[in-house]
Amino acid sequence: MTPATRCLSHAIAASVALAMAVRLAAQSSTDGLSSPIDVRPQAVPLARPILLHFPPSPPPLGQTLPPSSAPSSGRGSAPSELAAHVNEPFYPQLGAQLTTRSLSAKLRGRIDRHRAEKLALHDELRAELDRLRDAEPEARATALAALARKQAPQLAALEKAAEELRRDLIATDQGWSALRDWRLGDRSQRGYSPAEIGQVMRGYAYYENGLLAAQRRLLREIHLELAAAAETTANAAAAQPYLFFSPEPARVLLPDDLPADVAAQLAAYQTQKSKLKKELYDAVFAQESQKLSWIRGSPLKALAEAQRKPLDELEALAEEIRRGLVRHAPPAALAERSPVSPLLQQRIETAVSALGTAQRGASARLNEIFAAHRDVPMATSVRFEPSGLRVIIVPPGPGRGARGASPAPASADPRIAQVRAEAAAVTEDYDRKFADLANELNAIRVEIAQAIGTTRAGAVDQVLNAAVRVAQARENDGHYGDYRIAVFQPGLSPEQRRLLFDRVVEGLGLPLPRGELQPTGRSARW
């Protein structure tokens, strides 16, 4: 973005932040007027809160990915089956049903069919993109437009099916607000924190009926913005410097020296999107504080119809920006150059890739083992350490046994012994691969020492670490290839962009966040 565009962006952010601050201040003030009687049906907590799982946030384009993570296990861990649905609108609902073991065979069948149809459409699109990789721009655009027309009805049906699954997977007592006894519109002496407001925006994104799919994506953006909230606009911009772009919630960085016409379009895009998000934000607050809603109607339902056309216009403007960016596409430049020879750098990249593959493979196998033995009472710990893979499997701690008695030793439960044996096979396989990589790394260190003319460990490590950073950056860039296409390639339909983006987020292997208990009362820390 140009300095002028960035200034405009910050001004928009400041106006939205100011409006939010005014609303929060109003909530904490008292005007002496009595509040209307709230006759909304109140949720009756028939059971203890259950754990709800929300998906990981997609990273910005090109952001360095975290190292391969060990599978999560134990209380609160996300069911591994959710990894295939990380950007679906029904992720939390599916997580709740998997956690409570209440998913019916009929619903599971619908989810499996949805997944199969989605993969088939993605593979068709991916094959056409590969075929057109070296085509002339005009021929490429024509062919992509033809495929977009062909896939349009199937993709529309696919997204409709995802929304129907979102609704049908919500059990009466498993909703995000099923046990919540506070609302953003309630008067409170301490107002509401950005974290609390962000929680509500995210809850509405996944659980509120009647919203457009595009509005759900905007609510996710608002949640991400509130998560990065700061006391000043400058601090907020530093914490969240990326531009939200289509397909939401994708985030990108654009160069400062954009052509003037593209910069103007981008400023208009940000202004229009901010206006839509502000309307949506206000409508959620209005819905939260609504009295006699069964008489007055839902503010969000009315807004869905009002925003339908502006959201389509925003998507059309995004496509115009893409066409302008074709002449000035953001480079996928690396942050630094390799300090070693190309041949040695290739060996380092091979080793880095092999380590990541080994860690992902071990994580996947352990996840399968833990999922197959989900009924076994055990706690697990998995860590990738400098010396290899460490897996600890123990029976539940004190207090989990009958009448507070200490649990029986692991040897008394043959199921834990079985899990340990299966995990030991994974550990042995990983450690063997890790030892081979360690030997290769030692050989590389010797060659680096010869190349720089010193055996000092600090000097060798400095060069090796720089080469490893370059290798990791190049590997990450490979992971983001379809992310870049989904955001910047002209000619794709909005549904095709979302299809590509969903598969990218799945392929990144992001750690699945642990579950959160359904909210009841407000936390004392806010």
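Bear in mind these aren't lab numbers, they're just calculated from the coordinates by the rules spelled out. Just so you know, these numbers come straight off a predicted model, no measurement behind them. Cβ atoms come from the backbone with ideal geometry, glycine included; neighbour counts cover every protein chain shown.
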Residue separation between residue 418 and residue 64 times 0.36 nm, minus their alpha-carbon distance, gives in nm 123.7 nm
Could you sort out which of 150/278; 160/273; 150/301; 106/277 sit more than 30 Å apart by Cα distance in this structure?
150/278; 150/301; 106/277
Residue by residue, what Karplus-based ³J(HN,Hα) values in Hz, rounded to whole numbers, does segment 131-136 have, using 6.51, -1.76 and 1.60 with θ = phi - 60° and x for Gly and Pro?
5, 9, 3, 9, 6, 5
Quick one: length gained pulling residue 435 to residue 447 fully straight, 0.36 nm per residue minus the C-alpha distance?
2.4 nm
Highest average packing first - 477-488, 448-459, 303-314, Cβ atoms within 10 Å
477-488, 303-314, 448-459
Fully extended, how many nm does the chain gain between residue 268 and residue 81 (0.36 nm per residue separation, minus their Cα-Cα distance)?
63.3 nm
Below 11 angstrom from the Cβ of residue 110, what's the summed charge of the other residues (Lys, Arg +1; Asp, Glu -1)?
0
What is the sum of charges, Lys and Arg at +1 and Asp and Glu at -1, for the other residues whose Cβ falls under 10 Å from the Cβ of residue 492?
+1
Taking R0 as 41 Å, what's the FRET efficiency between residue 252 and residue 110 from their Cβ-Cβ distance, rounded to 0.05?
0.75
Give, as ranges by residue number, the residues of segment 258-279 whose backbone N falls under 20 Å from the point 7 Å along Cα→Cβ of residue 301.
none
Work out, in µm²/s and without decimals, the Stokes-Einstein translational diffusion coefficient of segment 342-479 at 10 °C, 1.306 mPa s, Rh from Kirkwood over C-alpha pairs.
90
Enumerate the amide H contacts of residue 379 below 5 Å, restricted to partners 5 or more residues apart or on another chain; note that Pro and chain-start residues carry no placed amide H.
394
